[in-house]
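Chemist: If you scroll down you'll find the structure; I have some questions about it.
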Amino acid sequence: MPFHPERLTRLRASLAASQLDALLVSALPNVRYLTGFSGSNALVLVTADDALLLTDFRYAAQVKLEVAPEVRVAIEQNSLWVRLWSELKALPRVEVIAFESAHVTHQDAARFVGEGAEGAAWKWRPALNLVEILRETKDVGELAQIRSAVQIAEHALGRTLPQVRVGMTELAVAGILEHELRNAGSEGFAFETIIAAGARAALPHARASSAVIAKGDLLLIDFGALHGGYCSDITRTFVVGRAADARQTEIHGIVREANGSASAGVRAGMRGRDADALARDYIHRRGFGEAFGHSLGHGIGLEIHEAPRLAKTAEAPLPPGAVVTIEPGIYLEGWGGVRIEDDVVLTSDGPEVLTTFDRTLSQLG
Ligand code: ZN
Ligand code: ZN
């Protein structure tokens with residue numbers, strides 16, 4: 001990921017506005033966003049005129065490839081925390097330090113007053129979402145990565161569907177899809193692939209299981225690709241082994257209508273709850289309000305679930321440049337479920353739907 005100095009500039013402005021001398025960044029997606037470093041062990045300290053990345057020996061070569069010279073790097077053989085104290089002591093004007101309260105364990109918070117930190121005058125302040133808020137708005141490069149992740153996912157899905165047959169297990173279908181994702185260039189899986197057949201499709205977050213796909217089953221497939229560290233997230237629902245029956249067609253039609261009108265109506269500046277209502281009110285009017293028990297969508301980026309939220313309780317406006325999912329569903333216990341999920345970028349000119357894969361209730365096998 002190329003280095004983006006403006007991200008540090010924006011973060012420093014928000015630190016100054018909150019009278020904070022520094023932020024200790026411990027969430028790895030935030031580390032990656034600010035410095036480009038994609039390793040699994042790091043702390044970053046951002047002050048008004050300095051950015052310091054602490055990591056361990058395993059990443060000594062990787063940081064040279066990923067981290068720009070604007071970020072100071074310290075390779076620590078023993079404890080990142082002990083090293084942090086000595087680095088902090090060399091920055092005497094840094095007193096009020098924020099930490100990411102959603103991403104620091106209790107054990108690590110105890111270190112703020114523990115060994116090596118005794119006698120220091122630091123004042124630690126819990127902070128929430130200082131970097132996450134910056135990440136809501138995607139820049140051109142980030143959007144290009146998400147577009148690639150969408151294309152990879154759709155290509156893999158297109159290769160997978162002709163291989164699905166009655167009698168396969170959900171796990172077998174997940175294996176085919178994940179193989180096709182890798183072949184198409186996915187760096188990994190944006191989250192654990194959801195393959196849910198028949199009545200199991202009523203479980204919105206079903207893991208793929210050894211359940212066998214029967215003739216006439218609905219098959220719900222929810223998965224994502226990873227490209228340049230960025231996620232895509234797409235769901236389609238199919239019927240296997242025969243044409244859809246009247247009930248399947250009716251419920252799929254309602255979800256598709258809800259998905260289409262929300263994707264077309266969502267706007268930057270709209271509150272998350274109003275976006276959620278675009279689909280929820282329609283499903284409610286059609287008599288299935290109780291069967292749509294989760295929120296309409298979420299931001300995607302370096303993480304599969306990130307800000308902003310499109311939910312009944314989301315008061316915050318959706319920022320321009322956010323990429324969000326639109327994923328209404330109807331789930332009926334004992335019968336099954338239908339979800340259709342697309343990824344949408346909220347441009348200043350309106351929504352652009354990135355996912356283009358066919359949304360009809362097509363027959364597989
Ligand atoms: Zn999904
Ligand atoms: Zn999703």
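No lab work stands behind these numbers, since they all come straight from the coordinates. Since the structure is predicted, the reported quantities are computational estimates derived from the model, not experimental observations. FYI the Cβ positions are ideal-geometry reconstructions off the backbone, even for glycines, and counts take in every protein chain you see.
Chemist: Restricting to region 314-333, name every residue that is within 16 Å of ligand 1 (Cβ to nearest atom), outside any loop (DSSP other than H, G, I, E, B) and touching a residue at least 60 places away in the same chain (Cβ under 8 Å).
Modeler: 323, 325, 326, 329, 330, 331
Conditions (1) within 15 Å of ligand 2 (Cβ to nearest atom); (2) touching a Leu at 6+ places or on another chain (Cβ under 6 Å), marked per residue:
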{"residue": "278", "(1), (2)": "no, no"}
{"residue": "287", "(1), (2)": "no, no"}
{"residue": "297", "(1), (2)": "yes, yes"}
{"residue": "301", "(1), (2)": "yes, no"}
{"residue": "307", "(1), (2)": "yes, no"}
{"residue": "312", "(1), (2)": "no, no"}
{"residue": "316", "(1), (2)": "no, no"}
{"residue": "341", "(1), (2)": "yes, no"}
{"residue": "362", "(1), (2)": "no, no"}
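Chemist: Report whether or not residue 278 is in a strand (DSSP E or B) and crowded, with 21+ Cβ neighbours inside 10 Å.
Modeler: Spelling it out, it is not the case that residue 278 is in a strand (DSSP E or B) and crowded, with 21+ Cβ neighbours inside 10 Å.
Chemist: Taking into account only those residues within region 230-260 that are within 16 Å of ligand 1 (Cβ to nearest atom) and out of contact with any Leu (no Cβ under 9 Å at 6 or more places or on another chain), which is nearest to residue 192 (Cα to Cα)?
Modeler: If we take residues in region 230-260 being within 16 Å of ligand 1 (Cβ to nearest atom) and out of contact with any Leu (no Cβ under 9 Å at 6 or more places or on another chain), then 233 is nearest to residue 192 (Cα to Cα).
Chemist: Do we find that residue 293 is within 16 Å of ligand 1 (Cβ to nearest atom), in contact (Cβ under 8 Å) with a residue 12 or more places away in the chain and surrounded by fewer than 17 Cβ atoms within 10 Å (Cβ to Cβ) in this structure?
Modeler: The answer is yes for residue 293.
Chemist: Sticking with this structure for a sec: Tell me yes or no: at least one residue of region 138-152 is polar (S, T, N, Q), surrounded by fewer than 17 Cβ atoms within 10 Å (Cβ to Cβ) and out of contact with any Gly (no Cβ under 8 Å at 6 or more places or on another chain).
Modeler: First, pick out the residues of region 138-152 that are polar (S, T, N, Q): 145, 148, 151.
Filter once more, keeping what is surrounded by fewer than 17 Cβ atoms within 10 Å (Cβ to Cβ): none.
Within region 138-152, none of the residues are polar (S, T, N, Q), surrounded by fewer than 17 Cβ atoms within 10 Å (Cβ to Cβ) and out of contact with any Gly (no Cβ under 8 Å at 6 or more places or on another chain).
Chemist: Any residue in region 238-254 that is buried (at least 17 other Cβ atoms within 10 Å of the Cβ) and among the charged types (D, E, K, R)?
Modeler: Within region 238-254 (the criterion being buried (at least 17 other Cβ atoms within 10 Å of the Cβ) and among the charged types (D, E, K, R)), the answer is no, since none of the residues qualifies.
Chemist: Would you check if there is a residue in region 307-316 being hydroxyl-bearing (Ser, Thr, Tyr) and either crowded, with 24+ Cβ neighbours inside 10 Å or in contact with a strand residue (DSSP E or B) (Cβ under 6 Å, 6 or more places away or on another chain) (or both)?
Modeler: Checking region 307-316: not a single residue is hydroxyl-bearing (Ser, Thr, Tyr) and either crowded, with 24+ Cβ neighbours inside 10 Å or in contact with a strand residue (DSSP E or B) (Cβ under 6 Å, 6 or more places away or on another chain) (or both).
Chemist: Show the residue pairs meeting these rules: Cβ distance below 6 Å; 6+ apart or different chains; first residue within region 22-39 and touching a residue at least 24 places away in the same chain (Cβ under 8 Å); second residue aromatic (Phe, Trp, Tyr).
Modeler: Between residues of region 22-39 that are touching a residue at least 24 places away in the same chain (Cβ under 8 Å) and residues that are aromatic (Phe, Trp, Tyr), the close pairs are 24/99; 36/3; 39/59.
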